[in-house]
Amino acid sequence: MSETVREVVADELMRIDDDRLAFVTVTAVDVDSEMNRCSVYFDSMTGEEGDAEIVEALGEHRKRLQSEIARQVQSRRPPEEELAPGETRPAAA
């Protein structure tokens, strides 16, 4: 499920006309077992300096992203997204 959600979010980011998201790559997605929450990890060419602006832009487009996730995974209620800058999810301790 995580890979499907990653593909949906990445595809939808390409369709969104927002310059702040032009160079954003979705690197990983973790979906919890109940499909209530997901963590979306991203990286960008702007580096850490641009992370806050990207998180803001993603937040503005959250409803659109959730709607597309729900449509493509055929779910009435898509997982709530948590946006996390970083190339990959944190390593397990």
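Normalising by residue count, the range 1-63 has a Cα convex hull of 80 Å³ per residue.
For the modelled label position 7 Å from the Cα of Gln74 along Cα-to-Cβ, which residues of the range 1-37 have backbone nitrogen atoms closer than 16 Å? Under cut-off, by backbone N: 1, 4-5. Going 7 Å from the Cα of Glu53 in the Cα-to-Cβ direction, what parts of the range 3-18 have a backbone nitrogen less than 13 Å from that spot? So the set is 18. Per-atom-type breakdown for the range 3-43 gives carbon and sulfur 43% of the accessible area (1.4 Å probe, protein chains only). Going by accessible surface with a 1.4 Å probe and the largest first, Phe23, Phe42 read Phe23, Phe42.
The values are calculated or read from the model by the stated rules, or taken from the named source; none is laboratory data. On a predicted model such as this, the values are computed, not experimentally measured, just so you know. Counting neighbours? That spans all protein chains shown, and the Cβs are built from the backbone with ideal geometry, glycine included. We work out accessible area using only protein heavy atoms, side chains counted, and drop any ligands, DNA or RNA first. Shrake-Rupley method; radii C 1.70, N 1.55, O 1.52, S 1.80 Å.
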